[in-house]
Amino acid sequence: MSKLIKATNLKRVYGSGEVETVALKDASLEIEKGEFVSIMGPSGSGKSTLLHILGMLDRQTEGTYEFDGKTIDEYDETQLANLRNESLGFVFQTFNLLPRTTVLENVQLPLIYSDVKESEWSDMAVKAIKAVNLEHRLEHETGQLSGGERQRVAIARALVNDPDVIFADEPTGNLDTKAGIDLMSIITDLNKEGKTIVIVTHEEEIAAYSRRMIKLRDGLIEEDKKISK
Ligand SMILES: Nc1ncnc2c1ncn2[C@@H]1O[C@H](COP(=O)(O)OP(=O)(O)O)[C@@H](O)[C@H]1O
Ligand SMILES: [Mg+2]
């Protein structure tokens with residue numbers, strides 16, 4: 001395996017002066033291509049902050065972040081946008097789906113901002129929707145779906161650009177046990193196909209699907225261990 005991510009002494013401070021919050025104090029980690037990593041820790045420990053930096057949705061205040069052999073500062077804004085559009089997929093707990101819009105249209109959304117030709121959008125979206133077993137819901141409005149189905153739409157949308165890495169922030173947070181298991185088996189399959197997965201969760205049962213667990217506490221990495229299968 002080769003190195004995908006190298007983060008060294010990441011610190012993230014929000015605000016300044018009296019309202020300053022140090023969300024991440026000093027985090028260093030490396031992730032190889034093809035890994036399946038879970039980030040655990042109590043609420044407020046810095047999980048989302050770390051995930052957002054790794055996903056290039058946010059920048060660290062201090063420290064260095066290398067992705068695919070280059071520090072983030074070496075990528076210009078266009079290159080970063082291309083990287084996000086072409087290589088990374090994001091899944092958030094709140095889905096961010098358009099409720100009055102069909103599954104197909106929701107999943108196509110990221111392609112509108114990409115270089116992909118419009119004539120290919122539909123095929124790519126259908127392929128992603130099939131990967132999460134929702135092809136029977138293509139023309140349904142997402143507002144009519146169950147929580148588990150909506151979360152699968154969110155996964156399909158993250159997959160539509162065929163990313164190398166998927167970042168997910170508590171994707172099972174609002175799901176019942178059965179829907180959570182279904183979602184994790186989809187994510188596990190994606191990892192088996194070679195995608196690198198980084199998932200934030202506070203549930204042990206969910207972390208158990210991953211192959212490595214990083215535990216945060218108060219903005220520091222408290223534990224980083226392989227999970228034996
Ligand atoms: N945009 C922000 N502005 C100010 N403080 C923030 C912001 N985002 C997160 N924080 C604070 O940083 C700390 C870590 O937050 P977060 O990374 O969201 O934790 P977790 O995802 O583990 O619950 C918390 O104290 C939180 O209140
Ligand atoms: Mg969070």
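Residue count for region 165-219 satisfying the condition of being within 16 Å of the chain's Cα centre (by Cα) and on the phi > 0 side of the Ramachandran plot: 2. Working only within region 86-108, note down all residues that are buried (at least 17 other Cβ atoms within 10 Å of the Cβ), out of contact with any strand residue (DSSP E or B) (no Cβ under 8 Å at 6 or more places or on another chain) and farther than 22 Å from N174 by Cα. Result: L104, E105, Q108. Of the residues making up region 35-64, just one is more than 9 Å from ligand 1 (Cβ to nearest atom), hydroxyl-bearing (S, T, Y) and either crowded, with 19+ Cβ neighbours inside 10 Å or modelled with pLDDT under 95 (or both), namely S38. Of the residues making up region 70-95, those that are closer than 27 Å to K33 by Cβ and within 15 Å of the chain's Cα centre (by Cα) are L83, R84, N85, E86, S87, L88, G89, F90, V91, F92, Q93. The set of residues in region 190-202 that are in contact (Cβ under 8 Å) with a residue 24 or more places away in the chain and more than 16 Å from ligand 2 (Cβ to nearest atom) comprises L190, N191, G194, K195, T196, I197.
Exactly one residue out of L159, L220 is surrounded by fewer than 22 Cβ atoms within 10 Å (Cβ to Cβ) and either of a type in the set (A, V, I, L, M, F, W, C) or within 16 Å of ligand 2 (Cβ to nearest atom) (or both), and it is L220.
Confirm whether V107 is within 16 Å of ligand 2 (Cβ to nearest atom) and within 21 Å of R137 (Cα to Cα). So V107 fails the test. Residues in region 4-20 that are within 16 Å of ligand 2 (Cβ to nearest atom) and exposed (fewer than 14 other Cβ atoms within 10 Å of the Cβ): Y14 only.
Taken as a whole, the structure places I31 among residues that are crowded, with 18+ Cβ neighbours inside 10 Å, in contact (Cβ under 8 Å) with a residue 12 or more places away in the chain, under 20 Å from P163 (Cα atoms) and of a type outside the set (S, T, N, Q).
Which condition does F67 not pass, out of (1) farther than 21 Å from N191 by Cα; (2) more than 16 Å from ligand 2 (Cβ to nearest atom); (3) modelled with pLDDT of 95 or more; (4) under 19 Å from the mean Cα position of the chain (by Cα), if it passes all the others? With respect to (1) farther than 21 Å from N191 by Cα; (2) more than 16 Å from ligand 2 (Cβ to nearest atom); (3) modelled with pLDDT of 95 or more; (4) under 19 Å from the mean Cα position of the chain (by Cα), F67 is out only on (1). Only a single item in (1) farther than 22 Å from G180 by Cβ; (2) in contact with a helix residue (DSSP H, G or I) (Cβ under 9 Å, 6 or more places away or on another chain) is not met by S38, and it is number (1). Taking region 30-64 as the range and being at negative phi, within 13 Å of ligand 2 (Cβ to nearest atom) and more than 17 Å from the chain's Cα centre (by Cα) as the test, the residues that pass are P42, S43, S45.
The values are calculated or read from the model by the stated rules, or taken from the named source; none is laboratory data. In this text the structure is predicted, and so the values were computed from the model without any measurement. All Cβ positions, glycine included, derive from the backbone under ideal geometry; neighbour counts span all protein chains shown.
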